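The values are calculated or read from the model by the stated rules, or taken from the named source; none is laboratory data. Just so it is clear, the structure is predicted and the values come from calculations on it, not from any experiment. In this analysis, Cβ positions are derived from the backbone assuming ideal geometry, glycine residues included, and neighbour counts consider all displayed protein chains. Only protein heavy atoms, including side chains, enter the accessible area calculation; ligands, DNA and RNA are left aside. Shrake-Rupley method; radii C 1.70, N 1.55, O 1.52, S 1.80 Å.
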Amino acid sequence: METKSILSMNIYKYRKQNGLTQLQLADYLGVSSQAVSKWEQGSSAPDISLLPELSKIFGVSINELFGE
């Protein structure tokens, strides 16, 4: 499976597990809810600088975000 699709699925999965809406996650990261939607659809990926914050919000490692 492509890394991008694994990341997309994991952003969706961890967001749901943490009870966050796309808008809430977007607000935490300083991006638009449309950006979060695109990440989850796999049509774009978060900027690499957001990965540490994403992993902190979700309580997982960056490696786990990529399915490792």
- prompt: Ignoring ligands, DNA and RNA, what percent of the accessible area of the chain is carbon or sulfur (1.4 Å)?
  reply: 51
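Rounded to the nearest 500, what is the chain's calculated 222 nm mean residue ellipticity when only DSSP H runs of at least 4 contribute -39500 (n - 2.57) each, over all residues?
My calculation for the chain gives -18000 deg cm²/dmol from helical runs alone.
Need one number: convex hull volume per residue for the chain, Cα atoms only, in Å³.
On the way: hull volume 4.9 nm³, N = 68.
Considering the Cα atoms of the chain, their hull volume per residue is 72 Å³.
Assigning unit charges at the beta carbon (Lys, Arg +1; Asp, Glu -1) and nothing else, what dipole magnitude in debye, to the nearest 20, does the chain show about its Cα centre?
Using Cβ point charges on Lys, Arg, Asp and Glu, the chain gives about 160 debye.
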- prompt: Solvent-accessible area per residue for segment 26-68 at a 1.4 Å probe radius, Å²?
  reply: 57
- line: The simple spin-label model distance between GLN24 and GLN41, using points 7 Å out along Cα→Cβ, in nm, is 2.3
